[in-house]
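These notes are about the structure you will find just below.
The values are calculated or read from the model by the stated rules, or taken from the named source; none is laboratory data. Being a predicted model, the structure only gives us computed values, none of them experimental. FYI the Cβ positions are ideal-geometry reconstructions off the backbone, even for glycines, and counts take in every protein chain you see.
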Amino acid sequence: MVRKRAVADREDLPALQRRVVGTLVAGQILGGLGIGATLSIGAVLATEVARSDAFAGAAATLSTLGAAAVAIPLARLAQRRGRRIALAVGTAASLAGAAGTVAATAVLSFPLLLLGFALLGCGVAVNLQSRFAATDIADPGRRGRDLSLVVWSTTIGSVVGPNLFGPGEDLAQLLGMPPLTGSFAIAVVAQLAATIVYLVGLRPDPYLVSRRLQNAPVGGDPEGGVRARALVVLAIAVLGVSHAVMVSVMSMTPVHLVHHGVALTAVGLTLSLHIAGMFALSPLFGWLSDRVGRYATILCGQALFAASLVVLALGADDTALVTVGLVLLGLGWSASTVAASALLTDLVTGSARPRVQGRSDLAMNVAGAAGGALAGPVLALVGYAGLAWAAGVLVLVLVAAVLTVPRSSAAAPMARA
């Protein structure tokens, strides 16, 4: 019976994969509204409730820590129950976080607000896991492209989310809600819709189908299916270090620009262009990683990082050059993240895949949090240009690792997978 079902699954695989990618894209767009609202309005909300500007970074910090905390539990849930349940549970938790921020603002409870931000971080974890869900039953030669399409869809939620402030305020006034909470109310509805999309659209579950095609039990030997462990470590290192470089420089750019008298509208434009660089061209990098190889695309991403950091260091006092540098920074992150994620999927199969992918998501979030935390003191000590040069050292170390770590025979087909 299992063998017949596996054959049927294989025959329907292309159509199922198209539906899986479409479902993930829809879920990412809806779920991304909560992430966008947190990044744009969370800092303001934190200062309002805490009555102190010292807590402006609480939203970003707690959401990052929340994402890190649930990365491995969600991966284990996917390993046992499939992607459908894991993504739906994570999105529902993020929904609870959005609702919690509204309640915390209403009663002026800062601890409850922090809990709400942490739960909103579950949406970030879902965002990361979704890109891997796109590869469970993807053709090996199209994994990069399918993964990158899901990454690209994040652009919509990330751009629309920050622009919910106006409609959100109108909604809050109409419903008699606390000021600044309307955007989170919209996010609640959007994330409820995303939860339903995952529960309905991911039937049959892509991960469970992939296990049936391998005639392997769900949640089987967690150590099986890992090839070339040194390369797995390298892929995770690329994801973590690239995220740390991006977050450390990006998070300090608004502070640097404001201190140089740049208008907030110009700062917003710079960050918007940076976000566009992160996501808008990800399908191009996915195609590139499928055609010319994962390693070549990773090195392309690091080259973009290097160009970005040189521009930022030498043009720190020129707003136009800072904007160019931020766009290049986003492009470098996109190329490195898409290619390294595809490489990780190539190297890990079966029941080990969700577990290792969860570890990579944990590494990304922890590295991002560390990069953001250390960037402030570095900026204070050596300035914005010095921060760019310091980030450049991480890029050089990563390039050296990519060029020197033996790729072994297990990785040979991956270069053109």
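Give the residue, chosen from Ala373, Ala380, that is out of contact with any helix residue (DSSP H, G or I) (no Cβ under 9 Å at 6 or more places or on another chain) and over 27 Å from Leu208 (Cα atoms).
The unique qualifying residue is Ala380.
What helices (runs of 4 or more DSSP H) completely inside the range 89-205 contain at least 2 residues that are without any contact (Cβ under 8 Å) to a residue 24 or more places away in the chain?
Result: 110-133, 165-175, 182-201.
Got at least one residue in the range 315-325 being touching a residue at least 60 places away in the same chain (Cβ under 8 Å), of a type in the set (S, T, N, Q) and within 17 Å of Val238 (Cα to Cα)?
The answer is no, given that none of the residues of the range 315-325 is touching a residue at least 60 places away in the same chain (Cβ under 8 Å), of a type in the set (S, T, N, Q) and within 17 Å of Val238 (Cα to Cα).
In the range 163-175, what count of residues is obtained for those that are over 19 Å from Leu113 (Cα atoms) and more than 21 Å from the chain's Cα centre (by Cα)?
7
Could you check Pro377 against (1) more than 22 Å from Val310 (Cβ to Cβ); (2) modelled with pLDDT under 85; (3) assigned by TED's automatic domain parsing to the domain that holds Leu304 and say which number it fails?
Condition (2) is where Pro377 drops out.
Please work out if Leu257 is touching a helix residue (DSSP H, G or I) at 6+ places or on another chain (Cβ under 9 Å), modelled with pLDDT of 90 or more and either in the same structural domain as Leu347 (by TED's automatic domain parsing) or not polar (S, T, N, Q) (or both).
no
Within the range 11-19, can one find any residue that is at pLDDT below 70, in the same structural domain as Ile196 (by TED's automatic domain parsing) and more than 22 Å from Ser109 (Cβ to Cβ)?
Yes, because at least one residue in the range 11-19 is at pLDDT below 70, in the same structural domain as Ile196 (by TED's automatic domain parsing) and more than 22 Å from Ser109 (Cβ to Cβ).
Determine whether the range 314-328 contains at least one residue that is acidic (Asp, Glu) and part of a helix (DSSP H, G or I).
No, the range 314-328 contains no residue that is acidic (Asp, Glu) and part of a helix (DSSP H, G or I).
For Ser308, only one of the following conditions fails: (1) among the hydroxyl-bearing types (Ser, Thr, Tyr); (2) within 18 Å of the chain's Cα centre (by Cα); (3) farther than 23 Å from Leu149 by Cβ. What is its number?
The failed condition is (2).
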